[in-house]
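Asker: Sharing a structure, written as structure tokens. Questions coming.
The values are calculated or read from the model by the stated rules, or taken from the named source; none is laboratory data. Keep in mind that what you see is a predicted model, and the values were worked out from it rather than measured. Note that we place each Cβ from the backbone using ideal geometry, even for glycine, and neighbour counts take in every protein chain shown.
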Amino acid sequence: MAGPKDLVLVFDLRKDCSLNLLGTFCASSAQLLRPLYYKGLYHLFYQYNPEGAVWGNIVWAHSVSKDLINWESLEHAIYPSKWFDNYGCWSGSATILPNGEPVIFYTGIVDKKNTQVQNYAVPANSSDPYLREWVKPDDNPIVYPDSSVNATAFRDPTTAWLVDGYWRILIGSRRRHRGVAYLYRSWDFKKWVKAKHPLHSVQGTGMWECPDFFPVSMSREEGLDTSVGGPNVRHVLKVSLDLTRYEYYTIGTYDKKKDRYYPDKALVDGWAGLRYDYGNFYASKTFFDPSTNRRILWGWANESDAVQHDKNKGWAGIQLIPRRVWLDPSGKQLLQWPIAELEKLRSHNVQLSNQKLHQGYQVEVKGITAAQADVDVTFSFPSLDKAEPFDPKWAKLDALDVCAQKGSKAQGGLGPFGLLTLASEKLEEFTPVFFRVFKDSDKHKVLLCSDARSSSLGIGLYKPPFAGFVDVDLTDKKLKLRSLIDHSVVESFGAGGRTVITSRVYPTIAVFRQGSLVCVQQWKRSHHCRES
């Protein structure tokens with residue numbers, strides 16, 4: 001087993017303020033999205049129910065930060081007050097105009113029939129970096145659904161982009177069972193005209209919520225402003241599917257003359273396609289951070305707890321750690337990684353060296369608070385020869401179904417190996433995050449699982465296994481895993497961010513300092529945990 005010195009890196013993550021749990025942001029029944037960067041501050045606008053931890057009475061709450069980690073709550077930015085939003089101020093996006101002025105687009109609900117229109121709001125005082133007050137001009141709504149559009153499925157306008165002197169936005173919708181991203185154009189940002197055809201649509205996908213459309217560079221990791229195009233630029237279209245409550249994206253070509261988007265033919269366009277996150281992750285939004293030239297992804301994780309528990313604790317839903325996103329060098333998918341600012345929360349470093357794991361062997365990581373930790377580990381193995389054959393019948397299954405069948409205890413030729421997070425002393429409760437390696441014809445398939453089925457003894461919880469296949473080269477016989485653990489959430493980044501899974505879990509025993517973190521494997525051959 002010669003090779004680099006073996007090492008597991010684990011950091012305690014401190015809780016800095018009441019708004020922060022490892023940088024996650026909690027609120028009463030909220031979808032936490034709609035970011036922008038303005039005059040040195042990050043702004044987060046989020047749908048929020050000020051009256052309780054259930055859906056309803058939605059306003060746009062507002063918080064600001066200098067570092068994306070520590071947040072200050074401000075007064076609500078947008079709330080029902082006009083005929084065009086009197087029944088609700090739903091999701092939307094922010095755009096920075098060429099003169100530096102921010103504008104918010106949002107969906108307003110105008111009646112009890114749930115008729116949806118698109119409105120805009122502007123700062124009352126644009127010289128205020130906190131943007132404390134917003135005004136809704138009287139010429140709202142600026143986009144109505146015409147007779148060809150389903151007026152009760154017409155929402156979530158995107159950040160605008162500029163091409164040849166005309167602004168464009170997308171609005172999510174559906175026509176019967178076809179998901180649609182309607183395209184609207186404007187030369188002055190006030191008068192919008194619907195294009196003759198959508199930017200894109202897919203049969204059988206249902207309502208497209210929270211669409212997001214942005215460019216990515218083919219040659220570097222830096223992010224691009226939403227209006228950037230060119231020969232070395234690809235585009236990403238992401239939609240949140242109301243039918244599945246999961247998100248899917250494609251990478252493709254934007255024809256700016258035809259105003260059409262063409263996904264790469266090699267990619268699945270629909271609910272069997274690529275996902276940002278194969279777990280509890282929805283209603284996401286990216287934005288371009290001009291201060292660091294990053295494209296940053298925000299995602300919302302709702303609760304898997306019983307509704308009454310949400311009411312008792314007074315909040316529901318969290319904003320996950322922001323992630324930097326960029327195009328993989330292969331061009332086949334996006335890569336994601338927690339923003340570097342997260343490292344400000346690290347307070348105590350534990351390193352484990354030369355940890356050789358045999359079948360059924362466990363190594364507990366001591367000296368940390370396992371309920372709040374940042375774990376970075378590399379698993380290395382001497383050979384791929386013993387990888388378990390990939391059953392042909394699994395080819396028609398979703399990855400989570402394969403994970404559910406195999407679990408974290410069934411021994412395979414190469415796996416499972418990974419982490420037991422939030423584990424109680426006698427393992428009455430634990431949330432395993434683990435890899436399995438399979439042999440499939442002339443290549444290997446890697447499965448990453450985050451299995452909540454054993455996470456809690458609590459009653460009335462949703463405890464699913466989540467999983468995704470990892471497109472990774474195993475030539476060096478290594479697999480990397482980073483997991484962010486924060487009480488009720490485990491965010492795991494496999495193979496450098498190629499596959500990401502978020503699980504919400506609610507242990508009753510493995511809480512605070514009563515929980516532990518364990519490096520474990522159940523396979524036949526020994527392996528090492530190495531430095532990332």
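Asker: Every residue in the stretch 196-219 that is surrounded by fewer than 15 Cβ atoms within 10 Å (Cβ to Cβ) and either more than 21 Å from residue 331 (Cβ to Cβ) or touching a residue at least 24 places away in the same chain (Cβ under 8 Å) (or both), please.
Answerer: We begin by selecting, within the stretch 196-219, every residue surrounded by fewer than 15 Cβ atoms within 10 Å (Cβ to Cβ); these are 196-197, 203-204, 218-219.
The answer is 196, 197, 203, 204, 218.
Asker: Checking residue 473 against (1) farther than 22 Å from residue 378 by Cα; (2) without any contact (Cβ under 8 Å) to a residue 40 or more places away in the chain: exactly one of these is not met. Which one?
Answerer: Result: residue 473 passes all but (1).
Asker: I'm checking my understanding of the structure. Among residues of the stretch 268-282 that are aliphatic (A, V, I, L, M) and over 15 Å from the mean Cα position of the chain (by Cα), which one is surrounded by the most Cβ atoms within 10 Å (Cβ to Cβ)? I'd like the intermediate steps shown before the answer.
Answerer: We begin by selecting, within the stretch 268-282, every residue aliphatic (A, V, I, L, M); these are 268, 272, 274.
Of the ones still in play, those that are also over 15 Å from the mean Cα position of the chain (by Cα) are 268, 272.
Working: 268: 11, 272: 9.
This residue is 268.
Asker: Also, I was wondering about something else. For residues in the stretch 429-453 being buried (at least 21 other Cβ atoms within 10 Å of the Cβ) and hydroxyl-bearing (Ser, Thr, Tyr), which is nearest to residue 500 (Cα to Cα)?
Answerer: That would be 450.
Asker: Moving on. Hey, could you check the stretch 114-140 for residues that are within 23 Å of residue 240 (Cβ to Cβ) and not hydroxyl-bearing (Ser, Thr, Tyr) and say which is surrounded by the fewest Cβ atoms within 10 Å (Cβ to Cβ)? Give the derivation first.
Answerer: Our first condition is that a residue be within 23 Å of residue 240 (Cβ to Cβ); within the stretch 114-140, this holds for 114-121.
From the residues that got through so far, the ones that are not hydroxyl-bearing (Ser, Thr, Tyr) too are 114, 116-119, 121.
Details: 114: 14, 116: 27, 117: 20, 118: 25, 119: 25, 121: 23.
Going through the qualifying residues, I end up with 114.
Asker: Just one of the numbered conditions (1) modelled with pLDDT of 95 or more; (2) surrounded by 22 or more Cβ atoms within 10 Å (Cβ to Cβ); (3) not aromatic (Phe, Trp, Tyr) is not true of residue 69; which one?
Answerer: Condition not satisfied by residue 69: (1).
Asker: Considering (1) modelled with pLDDT under 95; (2) out of contact with any His (no Cβ under 9 Å at 6 or more places or on another chain); (3) crowded, with 22+ Cβ neighbours inside 10 Å; (4) not small (Gly, Ala, Ser), say which one residue 504 fails and leave the rest.
Answerer: (1)
Asker: Quick test of your reading of the structure: residue 513 fulfils all but one of (1) in a strand (DSSP E or B); (2) surrounded by fewer than 23 Cβ atoms within 10 Å (Cβ to Cβ). Name the failing condition by number.
Answerer: (1)
Asker: Quick test for you: out of 253, 244, 286, pick the one residue that is more than 24 Å from residue 184 (Cβ to Cβ) and hydroxyl-bearing (Ser, Thr, Tyr). Full working, then the answer.
Answerer: Working: 253 fails: more than 24 Å from residue 184 (Cβ to Cβ); 286 fails: more than 24 Å from residue 184 (Cβ to Cβ).
After applying the criteria, what remains is 244.
Asker: If we only count strands (runs of 3 or more DSSP E) wholly inside the stretch 330-421, which ones have 3 or more residues that are within 21 Å of the chain's Cα centre (by Cα) and crowded, with 17+ Cβ neighbours inside 10 Å? Reasoning before the result, please.
Answerer: Details: elements: 334-338, 346-353, 355-357, 362-365, 372-380.
Output list reads 334-338, 372-380.
Asker: Please pick out the residue among 285, 265 that is surrounded by 15 or more Cβ atoms within 10 Å (Cβ to Cβ) and either closer than 25 Å to residue 337 by Cβ or free of Cβ contacts under 8 Å to residues at least 12 places away in the same chain (or both).
Answerer: Values: 265 fails: surrounded by 15 or more Cβ atoms within 10 Å (Cβ to Cβ).
Answer to the selection: 285.
Asker: Here is a follow-up. Does the stretch 232-247 contain at least one residue that is buried (at least 23 other Cβ atoms within 10 Å of the Cβ) and in a loop (DSSP other than H, G, I, E, B)?
Answerer: no
Asker: How many residues are modelled with pLDDT under 95 and among the β-branched types (Val, Ile, Thr) when one looks only at the stretch 234-264?
Answerer: Number satisfying all stated conditions: 1.
Asker: Quickly run through the stretch 331-344 and pick out the residues that are at pLDDT 90 or above and of a type outside the set (Gly, Ala, Ser). I'd like the intermediate steps shown before the answer.
Answerer: As a first pass, look at the stretch 331-344 and keep what is at pLDDT 90 or above: 331-343.
Listed by number, the residues that qualify are 332, 333, 334, 335, 336, 337, 338, 339, 341, 342, 343.
Asker: Across the stretch 432-452, what is the number of residues that are in contact with a Pro (Cβ under 8 Å, 6 or more places away or on another chain) and either hydrophobic (A, V, I, L, M, F, W, C) or free of Cβ contacts under 8 Å to residues at least 24 places away in the same chain (or both)?
Answerer: Total satisfying the criteria: 5.
Asker: Quick one: is residue 325 crowded, with 21+ Cβ neighbours inside 10 Å and in contact with a helix residue (DSSP H, G or I) (Cβ under 6 Å, 6 or more places away or on another chain)?
Answerer: no
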